[in-house]
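Here is the structure we will look at.
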Amino acid sequence: MRKLRGWDLTALLNAAHPQAPLAERNLWLVRLVDWLRRAPLKDVRASAAKETADSTPLPVRRLRHLLTLLERHPEHAQAFAGVLASVWAETDAISLFAEVGFAPRMALWGEFLGRLRRRLLPMTADTRDLAELFELLFHDEADADWINAIDDELLERLSLLFAGAPEGDWRDEMRSAITVLVSAVRSAGLSGALRVRMDPKRLVSRPFRNLATAWERVEHSLEDGDPAHLPAQLQYLRALMDECRAAVASVPDHLEEHGVSVDLMFGVEQMQARLRRIEELLDCLLAAHPRRELLRLVANLVRVVHERRSIRALFGRHYSLLARKVAERSAETGEHYITRNREEYGDMLRRAAGGGVVIAGTTFAKFAIMAVGLSAFWGGFWAGVNYALSFVIIHLLHWTVATKQPAMTAPALAEKLRHIDSEPGLQSFVDEVAHLFRSQTAGIIGNLALAAPMVLGVQLLAVAVFGRPLVGAKDADHVLHSLTVLGPTLVFAACTGVLLFLSSLIAGWVENWFVFFRLDSAIAWNPRIVALVGGNRAQRWALWWRENISGLTANISLGLMLGVVPALLGFFGLPLEARHVTLSTGQLAAAAGALGVDVVKHWPFWLCVIGILGTGLLNVGVSFTLAFRVALRSRGIKLADRKRVRAAIWARIRSRPLSFFLPPRG
């Protein structure tokens, strides 16, 4: 079917048989449209000699050549019109007008599976569904462009192709399609999932309830030819449709405040698209000479067909709002990690130091798990539990782990980019960069300042009390071998930065889920919970979970990923290890305690120190960069003036370098 270069147009026209089986006639139409796209120019030069390739699309030139040939050969024109009329009569056109571009169910993942099926499985021409045949006919993305380029003179001549079709048929099918669309809009608008999230003021006039009745009145006037009442009925119908649009447009505002659901956003978009389709069909029905309106409708249907094939567009569009809410929730959390004065800076050092104390215990627990000699998966699982438990303890004690900050603070920093057009806004952004860098430095210093001495002190105490360190020389040698900068340490550190970023996404998603399903309200007001723990305690629990769900999720997910992901990847032959700057520092301190002070005289130790510095930079840099990019995209921010921002940051470094390390006095 695709090899059209060897085809002759005359042979193609000779193959038109109105009495052939429907599948053959459908296939013939597909071949004809392919000829319009792909026929060699030499086949159409005789009838298009006056046209230039620059002004007229090639399919339009071929169409003009086809019509010229049909006008010269009435027998071909009769067969041609017979095929078109018979296909129209034997296929369901309602599906073309009412279903193309719409999902059968208001579920995003159901639509994803449908699009995947369309991309992977071939379609058949043996169909009575005009929507399916339409997808076969116009499978090229450029079809909408050349269809829109058809001029009025060519439209007039195109009426020859539909000479055999009854005039009223397409109008009947369109009226039936509008009935289907109105029913779908009414059903979706009255469904609880959307209705309870619409602005109540928009539903006072009950637009969704009255929509079907208003359309029935318009339909009766169109069928009976009653022009007297039609204008008033049309005005009422369109007013109701405007109210429906306003009501459904209020749903995203509710979701912004109470949590996002991609399925609901998909349902909102589907309803808005159906309302637009109703308007397009009404334009065709009401036009005195609807050729141009019908052509515009066909071009829009072609465009919709190709939009519905795109899986990337589906998720890019519907997950953008969720990504923004996740980023905004991370930004709210990230504000707590940015210090702007000396008091906050000192508090960050204290909280980071507390985190370092817990990480010291985490280091010894990891060596203990390794000493048990579990299998790869269970060793990774219990290591992940160890990490997760440590991170949760740090969170509950209101301490901090430095590497958790970048993925949370990046969205907060991205929000400042909205205001860099003005000089004060640009300087405010540079201030925020300095605050963020200083806060991150304080977090790392606080973590390492206590983690390493605590581990080393415990090792020396064990030598003094038991005569040997808790972590032996064998494990110490393994640490020096694995943490060296000459090995894959930096690659592992970058991968750990990705896990840090993913934990922030998981935390934002879970918090959005918690808010969307109103679990805090359920905890506070569920009768069983209230009867079990009491009203006041239920209220306190609800508030506690609302404040801590994001932090708990982030810390638990990060800990488990640091342990389990390397084990799972190792099963597939991908040797990945977690390289967390604070944990690595604790391990190196344990190794130094086992091997003695002389270890600092040898290069392997300092290669590990360099590796830890690189680990810190990559942990922070990778997680921050990924979170920053997501925040930018989710907000639709394009950093076009990058040179200006870089120049402002470098100017601050030259003029006030200490502002990136020490807090201001005020």
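The table below lists the values:
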{"read-out": "Close pairs (7 angstrom Cβ cut-off, 6 or more residues apart or separate chains): assigned by TED's automatic domain parsing to the domain that holds Ala299 and of a type in the set (Gly, Ala, Ser) in the stretch 92-119, part of a loop (DSSP other than H, G, I, E, B) and modelled with pLDDT under 80 anywhere", "value": "Gly110/Ala103; Gly114/Ala103"}
{"read-out": "Set Val491, Val485, Val479: member being free of Cβ contacts under 8 Å to residues at least 24 places away in the same chain, among the β-branched types (Val, Ile, Thr), within 30 Å of Val599 (Cα to Cα) and in the same structural domain as Trp399 (by TED's automatic domain parsing)", "value": "Val491"}
{"read-out": "Qualifying residue in the stretch 508-518 (condition: loosely packed, with under 15 Cβ neighbours inside 10 Å and in the same structural domain as His580 (by TED's automatic domain parsing))", "value": "yes"}
{"read-out": "Matching residues, the stretch 492-533, being among the polar types (S, T, N, Q) and either under 26 Å from the mean Cα position of the chain (by Cα) or on the phi > 0 side of the Ramachandran plot (or both)", "value": "Thr496, Ser503, Ser504, Asn512"}
{"read-out": "Selection status of Glu219, out of contact with any Pro (no Cβ under 9 Å at 6 or more places or on another chain), within 30 Å of Ala507 (Cβ to Cβ) and either outside the structural domain of Asp172 (by TED's automatic domain parsing) or in a helix (DSSP H, G or I) (or both)", "value": "no"}
{"read-out": "The stretch 56-99, subset in a helix (DSSP H, G or I) and acidic (Asp, Glu), residue surrounded by the most Cβ atoms within 10 Å (Cβ to Cβ)", "value": "Glu99"}
{"read-out": "Selected residue (only one of Glu243, Glu257, Glu293 is surrounded by 15 or more Cβ atoms within 10 Å (Cβ to Cβ), assigned to a helix (DSSP H, G or I) and free of Cβ contacts under 8 Å to residues at least 24 places away in the same chain)", "value": "Glu293"}
{"read-out": "The stretch 447-486, subset under 30 Å from Pro663 (Cα atoms) and either touching a Gly at 6+ places or on another chain (Cβ under 6 Å) or of a type in the set (Lys, Arg) (or both), residue surrounded by the fewest Cβ atoms within 10 Å (Cβ to Cβ)", "value": "Leu450"}
{"read-out": "Any hit, the stretch 131-138, residues being crowded, with 16+ Cβ neighbours inside 10 Å and free of Cβ contacts under 8 Å to residues at least 40 places away in the same chain", "value": "yes"}
{"read-out": "Per-region count, the stretch 646-657, residues part of a helix (DSSP H, G or I), at pLDDT 85 or above and either not β-branched (Val, Ile, Thr) or not assigned by TED's automatic domain parsing to the domain that holds Leu436 (or both)", "value": "8"}
{"read-out": "Condition check for Leu532: of a type outside the set (Ser, Thr, Tyr) and surrounded by fewer than 19 Cβ atoms within 10 Å (Cβ to Cβ)", "value": "yes"}
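The values are calculated or read from the model by the stated rules, or taken from the named source; none is laboratory data. All values reported here derive from a predicted model rather than from experimental measurement. Heads up, the Cβs are rebuilt from the backbone with ideal geometry, glycines too, and the neighbour counts pull from every protein chain shown.
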